[in-house]
Amino acid sequence: MELRKSYFADVRQNGLNEIGQPRPRLDSPGHVTGKTAYFADRNFPGMLHLKMVRSPHHHARIRSIDTSEAEKHPGVVKVLTAKDVPHNVYTILILIQIGPEDETVLADGKVRWKGEAVVAVLAETERAAQEAAAKVKVDYEVLPAVFDMEEALKPGAPLVNEYHGQNYYLYDSGECRKVRFGDVEAGFGQADHILEQSYQSSPIEHAPTETTGCVVAPEGNDRFTCYTNTQAMFFTLDNASIILQMPGSKLHFVGGTVGGGFGGKVDVIVEPIAILGAKLTGRPVCFIYSREEEMQISSPRAAEKVVIKDGVMMDGRIVARKVTGYTDAGAYSRHSPYGAQKGAAHYPGPYTIPNVWIDTYCVYTNRTPSSAMRGFGVTIGDFALEVQMDKLARLIGMDPLEFRFVNAYRDGDMKAHRQPTEGAALIECMQEASRAANWPVAEKYMAMSSYTKGA
Amino acid sequence: MAKVPVQFTLNGSEKAEFVDSGTTLLHALRDKIGDTSPKGGCHQGTCGACSVIIDGELRLSCLTLAETCNGADIRTTSGLAEAGVLHPLQRAFLDAFATQCGFCTPGMIMAAKVLLDHTANPSREEVVEALSGNICRCTGYEPIIQAVLTAARANSQNAA
């Protein structure tokens with residue numbers, strides 16, 4: 001597909017050597033010869049295998065844990081419970097002062113989602129670890145659970161996470177992230193039409209071909225080398241340092257080669273417990289998620305609900321937009337408070353709307369903790385917004401692409417979260433898309449520019 | 001646990017090992033023999049990352065017991081280049097940007113090799129069918145299909 005080069009011709013550089021030229025990836029020679037070393041390609045003599053005992057309940061109090069039979073199982077070297085973890089309650093974003101610490105490395109007294117790690121078993125073989133894990137006896141008192149965000153926000157709903165004290169993340173702005181711009185009710189008052197719609201999505205699993213995991217080797221000098229497929233090397237190192245109460249200088253992380261991540265490998269889940277196992281046994285430790293664990297245990301993209309109310313004029317201008325967004329964090333924060341916050345800035349879309357009101361909630365439920373995935377906090381929002389835009393265009397009988405030209409932000413426009421628009425180029429992208437997709441729009445839209453106002 | 005002897009040819013070299021009965025060929029190759037080019041993505045025969053060639057046929061090494069491979073001729077992606085010169089399939093994957101994370105690549109190349117060994121000039125549909133047991137989660141299927149078609153053309157030009 002040949003794209004026009006007439007846009008921004010005054011700032012376009014034609015002497016570029018790399019742009020537009022094919023370049024081989026630097027890691028491809030290793031990939032095609034099978035030489036690329038993924039973490040699981042490291043094998044050490046005497047390496048132990050770690051398997052987790054996981055909660056079969058969505059929400060339960062732990063009355064007692066009996067590991068005696070598991071410890072007697074042939075091949076078992078060590079069984080770990082919450083009391084073995086130096087700093088058991090953590091949260092990954094504490095590194096950027098987003099607390100409180102709300103998640104346990106190994107469950108202590110309570111489980112809050114089905115699949116939560118309770119006991120770690122280290123054994124000579126994967127099979128022995130698996131068999132011994134099945135012999136751990138956990139006595140649970142099952143508690144009422146909540147799976148729906150709106151149910152979770154109602155008074156009297158089961159409390160998911162005591163570290164928060166309520167079923168939503170408490171921002172410095174209160175129970176939700178808020179954007180207030182103009183007077184949204186006045187905007188609705190002047191609108192020719194008002195359209196309120198609700199959109200929702202399910203959790204989505206990244207399903208990388210290489211499952212989450214790490215291999216840890218104790219070095220002779222009290223240091224530990226951790227081979228990992230984390231996507232967040234220094235986040236993982238620093239959080240491991242906190243959880244293990246071990247200076248970062250004792251931890252050597254080797255990574256950078258990830259067999260598919262898509263955001264699914266940014267949580268700090270396998271490394272601290274594997275390093276602890278290596279420390280307490282003096283042996284190398286391998287902790288790799290099975291395919292089932294990857295699908296059921298690893299954080300998915302959050303389920304979201306987005307309620308959008310728009311006021312629109314017959315000439316195509318959106319004059320007011322009110323959005324309430326809900327992000328299902330599951331039982332623990334991980335990256336979801338940040339995802340919900342991103343949504344707050346994003347929901348006006350790439351459109352200039354004079355009156356905007358946005359609330360986004362990060363809600364706790366007894367579901368699998370969600371976290372990062374490709375554009376988390378905005379991707380589902382974009383789906384909702386653009387479906388809404390098509391519906392609005394249909395409502396006033398306007399071509400959906402022309403409707404977007406009318407509302408597209410242009411350089412100099414003030415966005416609802418008080419960032420002035422610069423370098424937008426949205427008008428020009430839509431003009432080229434109109435040509436490339438053979439979806440013609442009226443000449444006045446083809447004459448528009450991102451630089452100047454007026455059509 | 002009683003060990004069983006296994007002996008086979010891997011990329012032209014004789015290999016012999018003692019393994020636990022029930023050990024998969026994938027584990028034997030990776031953990032005992034040290035050929036880590038076959039990857040374990042699912043260990044249940046659905047992703048194709050562990051694909052190897054046994055006596056000329058495409059096999060899932062995660063579902064193949066090592067002890068059934070006695071006397072077999074086993075080929076993996078790590079043995080495909082000869083004297084440092086890449087096989088046309090490897091060359092084509094490199095040139096066509098057909099790798100992203102690379103985890104599925106060794107299995108993809110094995111599946112493609114078996115196709116080209118049997119069908120010198122496959123159609124696009126035949127390539128798609130041959131790769132249908134191999135999952136690329138980076139969604140790079142189109143460049144992979146193009147790489148296999150390119151390699152097939154390179155092969156037939158060399159043969160002509």
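Where the Cα atoms of the range B:3-79 are projected onto their three principal axes, how long is each span, largest first, in whole Å?
Computed over the Cα atoms, the extents are 28, 24, 20 Å.
If you stretched the chain out fully between B:ASN158 and B:SER21, how much longer would it get, using 0.36 nm times the residue separation minus the C-alpha to C-alpha distance?
44.9 nm
Could you tell me what percent of the DSSP beta bridges with both partners in the protein assembly as shown are antiparallel, to the nearest 5?
Bridges in the protein assembly as shown are about 80 percent antiparallel.
Using the Karplus curve 6.51 cos²θ - 1.76 cosθ + 1.60 with θ = phi - 60°, what ³J(HN,Hα) values do you get for each residue of the range A:390-397, in whole Hz, with x for Gly and Pro?
The phi angles translate into 4, 5, 5, 4, 5, 4, 9, x Hz.
Given the C-alpha centroids of the range B:12-50 and the range A:147-202, what is the distance between them in whole angstrom?
About 51 Å separates the Cα centre of the range B:12-50 from the one of the range A:147-202.
With charges set only on the Cβ (+1 for Lys and Arg, -1 for Asp and Glu), what does the dipole of chain A come to about its Cα centre, in debye to the nearest 20?
Values: 49 positive and 55 negative charges, 92 e Å.
The calculated dipole for chain A is roughly 440 debye.
Helix A:426-436 versus the longest principal axis of chain A: what angle, 0 to 90°, nearest 10, using Cα atoms?
It works out to around 80 degrees.
What residues have an amide H closer than 5 Å to that of A:TYR140, excluding those fewer than 5 places away on the same chain, when H is modeled at 1.01 Å from N in the peptide plane?
A:ARG63
Which is the longest run of chain A containing none of the trypsin sites (Lys or Arg not before Pro) found in DSSP loop states (not H, G, I, E, B) with at most 12 other C-beta atoms within 10 Å?
A:13-417
Taking amide H atoms as placed 1.01 Å from N in the peptide plane, list the residues 5 or more away in sequence, or in a different chain, whose amide H sits under 5 Å from that of A:GLY115.
A:SER55, A:HIS57
So if R0 is 41 Å, what FRET efficiency would B:ASN70 and A:ALA436 give, r being the distance between their Cβ atoms, rounded to the nearest 0.05?
0.10
Kyte-Doolittle mean at least -0.5 and Cα extent at least 18 Å along the axis: which DSSP H helices of chain B qualify?
B:105-118, B:141-159
Taking loop as defined by DSSP and a crowding limit of 14 other beta carbons within 10 Å, which chymotrypsin sites (Phe, Trp or Tyr not before Pro) in the range A:1-58 fit? Spell out each step's value before the answer.
Details: sites: A:TYR7, A:PHE8, A:TYR38, A:PHE39; in loops: A:TYR7, A:PHE8, A:TYR38.
Listed in order of number, the matching sites are A:PHE8.
Going out from 0 in 20 Å bins, what whole percent of all Cα-Cα distances in the protein assembly as shown drops into each bin?
17, 42, 34, 7, 0
Using Cα pairs closer than 8 Å and at least 6 residues apart in sequence, work out the relative contact order for chain A, in percent. List each step's numbers first, then the result.
Values: 994 pairs, mean separation 77.7, N = 455.
The value is 17 percent.
Excluding residues fewer than 8 places away in the same chain, name every one of the aspartates and glutamates whose C-alpha is closer than 20 Å to that of A:LYS137.
A:LYS137 reaches A:ASP66, A:GLU69, A:GLU71, A:ASP84, A:ASP108, A:GLU116, A:GLU126.
Return the long-range amide H neighbours of A:LYS78 (sequence gap of 5 or more, or a different chain), with a cut-off of under 5 Å between placed amide H atoms.
Result for A:LYS78 returns A:LEU122.
Quantify how strongly other chains surround peptide B:35-43 by giving the mean number of their Cβ atoms within 10 Å of each of its Cβ atoms.
Counting other chains' Cβ atoms within 10 Å and averaging over B:35-43 gives 6.
Using the Karplus curve 6.51 cos²θ - 1.76 cosθ + 1.60 with θ = phi - 60°, work out ³J(HN,Hα) for each residue of the range A:109-122 in order, rounded to whole Hz, and write x for Gly and Pro.
Using θ = phi - 60°, the values come out as x, 8, 10, 10, 7, 6, x, 4, 6, 10, 9, 10, 10, 10 Hz.
On a C-alpha basis, how far is the centre of the range A:272-306 from the centre of the range A:209-249 in Å? Whole number, if you could?
Between the Cα centres of the range A:272-306 and the range A:209-249 lies a distance of 12 Å.
Could you give me the ³J(HN,Hα) list for the range A:254-269, computed from phi with Karplus coefficients 6.51, -1.76, 1.60 and θ = phi - 60°, whole Hz, x at Gly and Pro?
Going residue by residue, I get 10, x, x, 9, 10, x, x, x, 6, x, x, 10, 9, 7, 9, 10 Hz, with x marking Gly and Pro.
How high is the FRET efficiency between B:ASP55 and A:ALA186 when r is their beta carbon distance and R₀ equals 60 Å, given to the nearest 0.05?
In this case the efficiency is close to 0.15.
Normalising by the residue count of the range B:32-160, find the relative contact order in percent from Cα pairs under 8 Å and 6+ residues apart.
On the way: 181 pairs, mean separation 36.4, N = 129.
The value is 28 percent.
With the cut-off at 31 Å, tell me which of the pairs A:LYS72/B:LYS3; A:LYS51/A:LYS342; A:LYS110/A:LYS178 have Cα atoms farther apart than that.
Too far apart for the 31 Å limit: A:LYS51/A:LYS342; A:LYS110/A:LYS178.
To the nearest whole number, what is the average tally of beta carbon atoms from other chains within 10 Å of the beta carbons of peptide B:102-113?
Across B:102-113, the average partner-chain Cβ count within 10 Å equals 5.
In the range B:104-160, which trypsin sites (Lys or Arg not before Pro) are in a loop and have at most 16 other Cβ atoms within 10 Å, using DSSP for the loop call?
Qualifying residues, ordered by number: none.
Any read-out appearing in this document is the output of simple, stated calculations on the displayed coordinates, not a laboratory observation. All figures in this text were calculated on a predicted structure; none of them were measured in a lab. Glycine gets a Cβ as well: all are built from the backbone with ideal geometry, and neighbour counts include every protein chain shown.
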